[in-house]
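Here's the structure, in C-alpha cells; my notes come after.
The values are calculated or read from the model by the stated rules, or taken from the named source; none is laboratory data. Values in this document were obtained by computation on a predicted structure and should not be read as measured data. Every residue, glycine as well, gets a Cβ built from its backbone with ideal geometry; the counts of neighbours run over all protein chains shown. Accessible surface is based on the protein model in full, side chains and every heavy atom, while ligands, DNA and RNA are left aside. Shrake-Rupley method; radii C 1.70, N 1.55, O 1.52, S 1.80 Å.
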Amino acid sequence: NSVKIIRSPVGVSVSAPQEINSGREINFEVKYVSNASDVVRGLTLDMVYPAGFVFKNAKPQPAEGQSRWILGDLAPGETRSIAVSGSFEGEDAEQKNVTAQVGVLEGKILSVYGASTHAFTIKKTFIDLAAKINGQDSVSVVKSGDLVSVEALWKNNLLQSVRDATIEVELSGEAVDERTISVFSGSYRGFDKKIVWSPSSMRDLSLLDPGESGAVRFAFRILDAVALSKKHLVNPTIKLKGEIKPASQPIGLGDVDVSGKFELELKLETSLQLSGRGFYYLASLPGRGPIPPKVGQETIYTAVWTLANLSNNASNVLVRASLPSYVRWKGVYNPSGESIIYDSAKSEIVWRPGAVKAGVGINQPAREISFQIGLIPSADQINNSPVLLFDISAEGRDDFTGNTLSVAESSLTSDMSRSDSKTKSTDGIVVQ
C-alpha cells in the first residue's frame, strides 16, 4: 500500500516576540494562508490562550467571546491576518503558549485544517518602560499627515532607589517628518535619530525611589501624501526603540541588566486617491447632443475616473457613484476589460478595479476608466448646471495594515470647463 501525504489546506503562523514582561501589554499577529487549489469555504479561527492571559483588543474583533473569529472563504494563495493585543501574568522564566487553530465548525467543534503554537518566556523587568501612542496602548497603524504623540512611562520595580537615569528613544522610518519632532524636557539628537532625557533636562530622573513612576513625552508628524509619494515607499513602517538605564548599577545586583526597554512598530496606512472628471470633447469617447444642454433633449457626456494608491497594496477596491433620475447610463465604457456595471435598482454605477498595487498612479500608470452618461434636462433646470453623478467614492482593503480604506470625490456637474479645456462654464448651463 502507498501512503499519499497531503499538505494542510490552510497554513497558520503566529508572529510575536519570544520574551515578554509580566503584565505588560504586547501585540501578536496570526497569519493564515490558503494552500488549496480551490476556494476554502466557511473557515473559523480559534485562539487557545494560557492561564494568566488578559485579552485587551483585536483587529478585527472576535465574533464570539475573545477567542473565535469567523473568517469566511479563502481564495487559493490568499493570505490574511488578525492582530491581538493583551498581557500575560506569570513568574520570571515561566513559559506561556498561545495556539491558533483554523478550520471549519462541525456543530460547536472545530475540525482543524491548520494550527500554530507560539511560546512566550516571561522575564521580570527591574525598571519598567512602556509606551503609549496618542494616549492608547495598542495603536499600530498611522496615516499620512497624522500627528503622533508618544508617552514613555517608567516605573522602578526595585526595592531600592535608582540614581541618575537616562531615557533614550530611537525613532526610525522614512515616513517621519523630522522637522516636526518636538520633545518635552528633553532633546532630539539628529545624527543617531534618538530622543534623549537625562537628569540635567528632567529633574525627576535624578532619583527613582522604589515603586516610583513617571513619564516623558514627545511628538512628531507623518509626512503628508505628497511628500510620501516622492519617496516611493512600499509598506512603510516607523519603529520606536526605548530604553531607560541608570548611570551606575544598583548595589547587590551584580551584572544583571536592570534597564527597561520597549519596541514598537507603527504601520503606515496607504491612501487611495480618486479623481473624477467630465468631458464632452474627448477623442477616445466623444460626447453627443446639444451643448449647452437643451430641455427635453439628451446630451451625452464622458466621465473619467482615475485611481491612484500610495504605499501599500490594496484589494477588493471598488468605486461607485449614484445617478440622478434625469441621467441615464449609456453602457459605453473604455477600456472594455474593466469590470463596471450599472445597478438600476439603486441607480448606481459600480467599478471594481479589484487589486490595486502600491505606487499605482505615482511611479506607475494609474488605473482609469471612462464611461458615458446621458443628461435629459427639464424646464426647472434652466440656467443651472445639473449634477450628473453624486456620492462618488472609492473603498478597499489595505493588505499591509488590514484596515478598510475609503475616499470621496465631489459631485460631477454639466459644467466641465475645469477638466475639458474645449468647453467654457456657460456650455454646462441648461437652455430652453
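Descriptive notes on the structure:
- Sub-7 Å Cβ pairs linking a first residue in the stretch 214-232 that is of a type in the set (Ser, Thr, Tyr) to a second residue that is open to solvent by 20 Å² or more (accessible area, probe 1.4 Å), at least 6 apart or interchain, are SER229/ILE362, ordered by first then second residue.
- Search result, residues across the stretch 214-247 that are surrounded by fewer than 20 Cβ atoms within 10 Å (Cβ to Cβ), more than 16 Å from the chain's Cα centre (by Cα) and closer than 14 Å to ASP146 by Cα: ALA219, ARG221, VAL226, ALA227
- In the stretch 267-319, the residue that is farthest from ASN384 (Cα to Cα) out of those that are outside any loop (DSSP other than H, G, I, E, B) and open to solvent by 30 Å² or more (accessible area, probe 1.4 Å) is LYS267.
- Residue selected from the stretch 2-11 under the condition touching a strand residue (DSSP E or B) at 6+ places or on another chain (Cβ under 9 Å) and not in a strand (DSSP E or B), by the criterion modelled with the highest pLDDT: PRO9
- Cβ-Cβ distances below 8 Å connect the following pairs, each with a first residue in the stretch 100-123 that is over 11 Å from PRO9 (Cβ atoms) and open to solvent by less than 60 Å² (accessible area, probe 1.4 Å), a second residue that is of a type outside the set (Gly, Ala, Ser) and not in a strand (DSSP E or B), and a separation of six or more residues or different chains: ALA119/GLN18; PHE120/PRO17; PHE120/GLN18; THR121/GLN18; THR121/GLU94; ILE122/GLU91; ILE122/ASP92; ILE122/GLU94.
- Of residues in the stretch 12-27 being open to solvent by less than 40 Å² (accessible area, probe 1.4 Å) and at pLDDT 95 or above, the one farthest from ASP128 (Cα to Cα): VAL12
- Any hit, the stretch 346-353, residues being within 30 Å of ASN27 (Cβ to Cβ), surrounded by fewer than 16 Cβ atoms within 10 Å (Cβ to Cβ) and of a type in the set (Lys, Arg): no
- Members of the stretch 83-124 that are of a type in the set (S, T, N, Q) and farther than 20 Å from ASN27 by Cα: SER111
- Considering the conditions (1) of a type outside the set (Lys, Arg); (2) in contact with an Asp or Glu (Cβ under 7 Å, 6 or more places away or on another chain); (3) more than 26 Å from ALA131 (Cα to Cα), ASP38 is excluded by exactly one of them, (2).
- The set of residues in the stretch 394-410 being hydroxyl-bearing (Ser, Thr, Tyr) and surrounded by fewer than 16 Cβ atoms within 10 Å (Cβ to Cβ) consists of THR404, SER406, SER410.
- Among residues of the stretch 248-266, those that are under 22 Å from the mean Cα position of the chain (by Cα) and open to solvent by less than 40 Å² (accessible area, probe 1.4 Å), counted: 2
- Selected residue (criterion: farthest from ILE20 (Cα to Cα)) from residues of the stretch 72-89 that are of a type outside the set (Phe, Trp, Tyr) and open to solvent by less than 20 Å² (accessible area, probe 1.4 Å): LEU74
- Scope the stretch 103-134; condition closer than 26 Å to PRO246 by Cβ and not in a strand (DSSP E or B); matching residues: LYS124, THR125, PHE126
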